[in-house]
Structures are given as structure tokens and as C-alpha cells.
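This report refers to the structure that appears directly beneath it.
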Amino acid sequence: SFLKNRLPSISPDICIVNFYSQTGRLGLHQDKDESEDSLRRGLPVVSFSIGDSAQFLYGDHRDPDKAEKLQLESGDVLIFGGPSRNVFHRVSAVHPNSAPNLLLQHTNLRPGRLYLTFRQY
């Protein structure tokens, strides 16, 4: 398959949980807290978005104006690894009141965005 040839397999042993309020942001950064071996091998980061939509920016430059923009909706899964493992990225905006009504009706999720990120140390 396409991904199998491009991304190494992982056995996640870390889950980072972030909650972004409706005014939440995260500055441009790289995920590089894992072991040198994981980073060198380009082991993927796998993230699940739940709740309000968010604008996600990514690129090889530290300049947000040059970054690609992606709208992450509730239920989306984002994977970056292999040659793109160390890409700079950020959450530039959370879009208030954009979470699916069904999710809000059946959970106590407060307004904002929940982001579950799985990694292998």
C-alpha cells in the first residue's frame, strides 16, 4: 500500500492529550521529544481531532505565511512521519461552535477541541 511504503510502523507507547478552548492556539513547533532513534527513523505521529474544527498549518519553514493550511474536523486523523516527521506545524485557530451536534448531545465535551496524539518514544 502507499502508506506502508512511505511510513514506518509504530507501536505507540505515549498518548498526549491537549484541549484547546475556543480561543486556543499552539505556536509553530516541531514534535521532537521522542527518542533519537524514533526521530531518526521518522516514526509517525498519529493525532485524532474531537470537537470543534481547527485550522492546522504545516510546512518546512518557520514562517507561518509559507505554511500549508488544513482544516481539521471532528473525527479527522492526521499522520505525519517518514521524511515529514520533523515538519514545523501549529494550530492557528479553533472555530467555535463547529463540533458535530450529535457529539455534543451525547457527551459532556465542553466547547473547544480535544486532540489525542499517539507516538512511540
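Every condition in (1) exposed (fewer than 14 other Cβ atoms within 10 Å of the Cβ); (2) under 15 Å from Lys32 (Cα atoms); (3) at pLDDT 90 or above holds for Lys69 except the one numbered (2).
Counting only residues that are over 23 Å from His95 (Cα atoms), touching a residue at least 12 places away in the same chain (Cβ under 8 Å) and assigned to a loop (DSSP other than H, G, I, E, B), the stretch 31-76 holds 10 of them.
Of all residues in the stretch 32-56, count the ones that are among the acidic types (Asp, Glu), surrounded by fewer than 21 Cβ atoms within 10 Å (Cβ to Cβ) and within 14 Å of Gln71 (Cα to Cα).
So the answer is 0.
Does Gln22 qualify as being of a type outside the set (D, E, K, R), free of Cβ contacts under 8 Å to residues at least 60 places away in the same chain and surrounded by fewer than 18 Cβ atoms within 10 Å (Cβ to Cβ)?
Working: of a type outside the set (D, E, K, R): yes; free of Cβ contacts under 8 Å to residues at least 60 places away in the same chain: no; surrounded by fewer than 18 Cβ atoms within 10 Å (Cβ to Cβ): yes.
No.
Kindly provide the set of residues from the stretch 4-29 that are polar (S, T, N, Q) and farther than 23 Å from Pro96 by Cβ, ordered by number. The answer is Asn5, Ser9, Ser11. Of all residues in the stretch 7-14, one or more are in a strand (DSSP E or B) and either within 14 Å of the chain's Cα centre (by Cα) or in contact (Cβ under 8 Å) with a residue 12 or more places away in the chain (or both).
Can you tell me which residue is nearest to Cys15 (Cα to Cα) among those in the stretch 91-117 that are crowded, with 18+ Cβ neighbours inside 10 Å and under 12 Å from the mean Cα position of the chain (by Cα)? So the residue we want is Tyr115. The sole residue among Gln55, Gln71, Gln30 that is more than 24 Å from Leu104 (Cα to Cα) and among the polar types (S, T, N, Q) is Gln30.
The values are calculated or read from the model by the stated rules, or taken from the named source; none is laboratory data. Keep in mind that what you see is a predicted model, and the values were worked out from it rather than measured. Every residue, glycine among them, receives a Cβ derived from its backbone with ideal geometry; neighbour counts consider all protein chains shown.
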